[in-house]
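Notes follow the structure.
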Amino acid sequence: MNKFYDNTNVFAKIIRQEIPCDKIMENDFALAFSDINPQAPLHILVIPKKQYIDFYDFTKNASSQEVNYFWQLVNDVIEQEQIVNKGFRLITNSGSDGNQEVPHFHLHILGGKNLGRMIN
Ligand code: AMP
């Protein structure tokens, strides 16, 4: 199945600075900001600045530099938010079975309390 990137999605608008976000930090290839509807005391999203639909698209098609910068920013957020020792959860949803709402690849960083079992 071919999937096409929909550049009207909300994260594409955030990257183009058409709508605001609560920016946590960024580097040349990735941006981290607060989730607008937090599911935990700490809920931050990390997205690549270029257009990828989901994890599969990003991992298959992004350059190794983009991939490296993406994961570096994830770790920079984890360090800045001081959740290295207490721990955290990383989630990325994809497609309809994954219940992905926004079709621009994003990683959820969740923490700030014990998050319980993986799937409720
Ligand atoms: P997913 O279900 O993995 O696609 O998650 C999409 C996430 O984006 C949800 O957790 C939403 O709360 C979040 N979200 C939607 N719009 C915004 C926005 N404008 N700023 C920040 N987070 C958003």
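Overview of results
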| quantity | calculated |
| --- | --- |
| Ellipsoid equivalent to region 57-107 - semi-axes via the Cα gyration tensor, in Å | 22, 17, 7 |
| Estimated [θ] at 222 nm from DSSP helical runs (n ≥ 4, -39500 (n - 2.57)) normalised by residues in the chain, nearest 500 | -7500 deg cm²/dmol |
| Dipole axis of the chain (+1 Lys, Arg; -1 Asp, Glu on Cβ), positive-most option in 94, 51, 33 | 94 |
| Between helix 64-80 and the chain: long-axis angle, C-alpha atoms, 0 to 90°, nearest 10 | 30 degrees |
| Only Lys, Arg (+1) and Asp, Glu (-1) charged, at Cβ; region 10-111 dipole about Cα centre in debye | 40 debye |
| Nearby lysines by direct alpha-carbon distance to residue 50 (threshold 26 angstrom, same-chain neighbours under 8 apart not counted) | 3, 13, 23, 60 |
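Every number in this text was worked out from the coordinates using simple rules, so none of it is lab data. Only a predicted model underlies this, so the values are computations on that prediction, with no experimental measurement involved. Glycine also receives a Cβ, built like all others from the backbone with ideal geometry; neighbour counts cover every protein chain displayed.
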